[in-house]
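Notes follow the structure.
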Amino acid sequence: MVLVAIVLAIVGIGRLLSDGRSESPVGLGSPAPAISIDPSEDDSIVSSEPPPSPKTSPGRAEPEQVAYAFASAWVSHTGVTSKKWLDRLLPNATTDLADQLRGVDPAGVPADQVIGRPALDVVNDTQVNAIVTMNTGRLSLRLIAPDGHWLVDGIDWEAA
């Protein structure tokens, strides 16, 4: 009880001595940033340039198509062996991802149906992140195409 009274007294005295402004005392805060209207002095990360577009070799599938095909094969897991499930993923997966998925039990896939088209976030002209909405969550795919041939290189799952 005494401790509460001391804290309240200190807070009350602090309020009485302040002039009601919420500014920090000199030396305790940092000054507001200077803003220039000269575009050449703009160092922000927002760019007026258009975002990069993914580069696809002629005759190859676009990243959205690869993401959808991979996601469709990923959810087609009912009643299939691990090998057959992996074989369906291989045409759209890098060898690194294929090695990681080797031996995975497809019965553990937490979704059964793709809902809608993949949403793409272009990182640069050879890397795209895709979000595919499933019936029970979202499948995140990292696609790469160093030679214009898009393949899924990483996956992540977020339950709904």
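The values are calculated or read from the model by the stated rules, or taken from the named source; none is laboratory data. The structure presented is a predicted model; accordingly, all values stated were derived computationally and were not measured. Note that each Cβ is placed from the backbone with ideal geometry, even for glycine, and that neighbours are counted across all protein chains shown. For the accessible areas, the whole protein counts, side chains as well, though only heavy atoms, and no ligand, DNA or RNA atoms are used. Shrake-Rupley method; radii C 1.70, N 1.55, O 1.52, S 1.80 Å.
Observations on the structure shown:
- Once backbone amide H atoms are built at 1.01 Å from N, Gly154 has Arg142 as its partners under 5 Å, excluding neighbours fewer than 5 places away on the same chain.
- Derived scalar couplings ³J(HN,Hα) [region 114-120; Karplus, 6.51 cos²θ - 1.76 cosθ + 1.60; whole Hz; x for Gly, Pro]: 7, 10, x, 8, x, 9, 9
- Cut-off 14 Å between beta-carbons: net charge of the residues surrounding Gly79, Lys and Arg +1, Asp and Glu -1: +1
- Low-density loop positions, trypsin sites (Lys or Arg not before Pro), region 58-140 - DSSP coil, at most 12 other Cβ in 10 Å: Arg102
- Residue-normalised accessible area of region 100-160, given per residue in Å² at a 1.4 Å probe: 53
- Working note: Karplus 6.51/-1.76/1.60 with θ = phi - 60° gives region 68-74 the couplings 5, 5, 5, 4, 5, 5, 5 Hz, where Gly and Pro are set to x.
- From most to least packed by mean Cβ count within 10 Å, the peptides 62-75, 104-117 give 62-75, 104-117.
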